[in-house]
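Visitor: My questions all concern the structure below.
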Amino acid sequence: MEKIRSEAIVKSGLLFILINFLLAIFNIIVGIISNSLAIASDATHSLIDSISGFLVIISEKLAGHKKFNSRRNQIERFTTVIIALIIVATGLELLILSIKNIFDPEEVDYSAPVMIVLIASLLVKYGLALYLKKTGKKINSQVVMASGAETMNDCWISIAVLISAIVYLIWQINIESYVSILISVVIIKIGLEFIFPHALKHHHHHFDADHDHGVKS
Ligand SMILES: [Zn+2]
C-alpha cells in the first residue's frame, strides 16, 4: 500500500516536471516568434517550476535514504542554495528587463499559432492542476496537493499573459511589462522559498506529515 502511494507521488512529480518542461519549450518558441516579453517570462517560469520540482524529488529521495548521512545533507543543502540563487538572479534580471520594457516597449506580433499555443498551454496547465489536486486528495499527499494548488495559481499567470495578448490585439495597448513584473516576482519568491530555512522546514514538514499518513493508512 505504502509502495503504491509513494509510486503515485513520484509519478505526479515526474508529470509536473515533464509538463512544465514541455510548456517551457513551446512558450520559448512562441515567445521568440511573437517577440513577447510576457510569454518569454512565463516560459522561464515554467522552466524554473520544472527544475524546482526536480529539486524537491531529489531532496525527498535523499532525505528518505540518507537521513543520518550529514555530509550528504550538506551537499544537498549547498546544491539547493546554489540553484535557488540562480533562480533569484533570473527573477531579478527579468524584473529589470520588465521595468526597462515599460519605458521602451518591444514591438510584439501575436499571430494565430502564438494564440493557439497560449490557449493550449492554459488548458494543459488547468488539466494538470485538476489531476494533481485529485491525486493528492486520493492518496492523501500534501506535496501533490501543494503542487496542484501551485499549478492552479500558474493558470492565473497564463490567463494574465493571454489577456495582455488580447488587449494588444484589440486596443494596441501594451501591458506586457506589467505581466512580466508579476511573473518576475513569482520567480523570485520560488527561489527565496528554497533559500530560507524557515520555508524549507515548512517543506520538510509537509513531507514528514506525508510519511505519517502513509504509515497510518
Ligand atoms: Zn509556478
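The values are calculated or read from the model by the stated rules, or taken from the named source; none is laboratory data. Computed from a predicted structure; not experimentally measured. Note that each Cβ is placed from the backbone with ideal geometry, even for glycine, and that neighbours are counted across all protein chains shown.
Visitor: Given the condition within 16 Å of the ligand (Cβ to nearest atom) and polar (S, T, N, Q), answer yes or no: does some residue in region 130-142 qualify?
Guide: The answer is no, given that none of the residues of region 130-142 is within 16 Å of the ligand (Cβ to nearest atom) and polar (S, T, N, Q).
Visitor: Taking region 128-168 as the region of interest, how many residues are surrounded by fewer than 21 Cβ atoms within 10 Å (Cβ to Cβ), of a type in the set (S, T, Y) and within 17 Å of S41 (Cβ to Cβ)?
Guide: 1
Visitor: If L123 meets every condition in (1) more than 15 Å from the ligand (Cβ to nearest atom); (2) surrounded by 20 or more Cβ atoms within 10 Å (Cβ to Cβ) apart from one, which number is that one?
Guide: Every condition holds for L123 apart from (2).
Visitor: May I pose another question? Six or more apart or on different chains, Cβ atoms under 6 Å: show the pairs whose first residue is in region 125-136 and within 9 Å of C155 (Cβ to Cβ) and at pLDDT 90 or above and whose second is crowded, with 17+ Cβ neighbours inside 10 Å and of a type in the set (G, A, S).
Guide: Pairs that qualify, where the first residue is within 9 Å of C155 (Cβ to Cβ) and at pLDDT 90 or above and the partner is crowded, with 17+ Cβ neighbours inside 10 Å and of a type in the set (G, A, S), are K125/S158; A129/G148.
Visitor: Just to be sure before I move on: is F26 in contact (Cβ under 8 Å) with a residue 12 or more places away in the chain and touching an Asp or Glu at 6+ places or on another chain (Cβ under 9 Å) in the structure I sent?
Guide: no
Visitor: Let me ask another. Quickly run through region 12-38 and pick out the residues that are of a type in the set (V, I, T) and away from the ligand (no atom under 15 Å from the Cβ).
Guide: Result: I25, I28, I29, V30, I32, I33.
Visitor: Considering only residues of region 147-169 that are in contact with a helix residue (DSSP H, G or I) (Cβ under 7 Å, 6 or more places away or on another chain) and more than 14 Å from the ligand (Cβ to nearest atom), which is nearest to F16 (Cα to Cα)?
Guide: Going through the qualifying residues, I end up with L162.
Visitor: Return the residue satisfying two criteria in turn: it lies in region 1-40 and is surrounded by 22 or more Cβ atoms within 10 Å (Cβ to Cβ), over 23 Å from M152 (Cβ atoms) and of a type in the set (S, T, N, Q), and of such residues it is farthest from the chain's Cα centre (by Cα).
Guide: Among those that are surrounded by 22 or more Cβ atoms within 10 Å (Cβ to Cβ), over 23 Å from M152 (Cβ atoms) and of a type in the set (S, T, N, Q), it is S34.
Visitor: Moving to a separate point now. Residue check: is I116 closer than 13 Å to D42 by Cβ, modelled with pLDDT of 90 or more, of a type outside the set (F, W, Y) and part of a helix (DSSP H, G or I)?
Guide: So I116 fails the test.
Visitor: Same structure, new question: At pLDDT 90 or above and out of contact with any helix residue (DSSP H, G or I) (no Cβ under 8 Å at 6 or more places or on another chain) - does that describe any residue in region 170-180?
Guide: Within region 170-180, one or more residues are at pLDDT 90 or above and out of contact with any helix residue (DSSP H, G or I) (no Cβ under 8 Å at 6 or more places or on another chain).
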